[in-house]
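Below: the structure, in structure tokens.
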Amino acid sequence: MTPKKVFSADFREIPAVDLTCKCGGSISIPIPRNLLGQSLECPGCHQPLWNDDRDPLYRILRAFVSTLSEWKKLDSQDFKLGFSITVTD
């Protein structure tokens, strides 16, 4: 089976991070973003998506959004940083 690249993205091309709750409600966080609120509720079921700034989901999401934001601000022409998804038949 020959691997086939089906998707490739440069991190600078990511306009937002989308969160989808188990109820199906979703929130889009634009990139770059300087701050991520310590409380955020689902627009569908109105449940909090995390409890406080110690919640693992909040900490990981904050770090991910911060990393993408800083990468987008960086004006490096030397290389690109991104990811690819490859499948095999």
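Hey, what number do you get for the chain at 222 nm if only DSSP H runs of n ≥ 4 count, each worth -39500 (n - 2.57), divided across all residues, to the nearest 500?
Values: 1 runs with 18 residues, N = 89.
So the calculated ellipticity at 222 nm is -7000 deg cm²/dmol.
Residues whose amide H falls under 5 Å from that of I29, counting only those 5 or more places apart or on a different chain, are V17, D18, L19, with hydrogens built in the peptide plane. For the chain, modelled as a GNM whose springs connect Cα atoms under 10 angstrom apart, the maximal fluctuation among D55, D18, D78 occurs at D78. Here the average projected area of the convex hull drawn through the C-alpha atoms of segment 28-89 stands at 7.0 nm².
In order along segment 77-87, the Karplus-derived 3J(HN,Hα) couplings, from 6.51 cos²θ - 1.76 cosθ + 1.60 at θ = phi - 60°, round to 9, 6, 7, 10, 10, x, 8, 9, 10, 10, 10 Hz, and Gly and Pro are given as x. Mean-square fluctuations from a GNM of the chain, with a 10 angstrom spring cutoff on Cα atoms, peak among F79, F11, F64 at F79.
Could you work out how much longer the chain between Q38 and D10 gets when fully extended? Use 0.36 nm per residue separation minus the Cα distance between them, nm to one decimal. Walk me through the intermediate numbers first.
Numbers: separation 28, 0.36 × 28 = 10.08 nm, distance 2.81 nm.
Separation in residues times 0.36 nm, less the Cα-Cα distance, equals 7.3 nm.
How far is the Cα center of segment 4-24 from the Cα center of segment 27-89, in Å? Going from one Cα centre to the other spans 10 Å. Between the amide H of E41 and those of L49, distances stay under 5 Å, these residues lying 5 or more places away or on another chain, with hydrogens modeled in the peptide plane.
Counting Lys and Arg as +1 and Asp and Glu as -1, what is the net charge of the other residues whose Cβ lies under 13 Å from the Cβ of V65? Show your work: numbers first, answer last.
On the way: positive: R33, R59, R62, K72, K73; negative: D18, E70.
For residues surrounding V65, the net value is +3.
Computed on the chain, with alpha-carbon pairs under 8 angstrom and 6+ residues apart, the relative contact order is 43 percent. For the pair R59 and L19, the difference between a 0.36 nm per residue extended length and the Cα-Cα distance amounts to 13.0 nm.
As I understand it, the value is the acute angle between the Cα axis of helix 56-73 and the longest principal axis of the Cα atoms of the chain; what does it come to in degrees, rounded to 10? Approximately 50 degrees, to the nearest ten.
Can you give the local net charge around F11? Use residues other than it whose beta-carbon is closer than 13 angstrom to its beta-carbon, Lys and Arg +1, Asp and Glu -1. Please list the in-between numbers first.
Values: positive: R12, K72, K73, K80; negative: D10, E13, E70.
Its environment carries a net charge of +1.
When the chain is treated as a Gaussian network with alpha carbon springs shorter than 10 Å, the biggest mean-square fluctuation among I27, I60, I14 belongs to I60.
Values in this text are rule-based calculations from the coordinates and carry no lab data. This is a predicted model, so every value here is computed, not measured. Note that we place each Cβ from the backbone using ideal geometry, even for glycine, and neighbour counts take in every protein chain shown.
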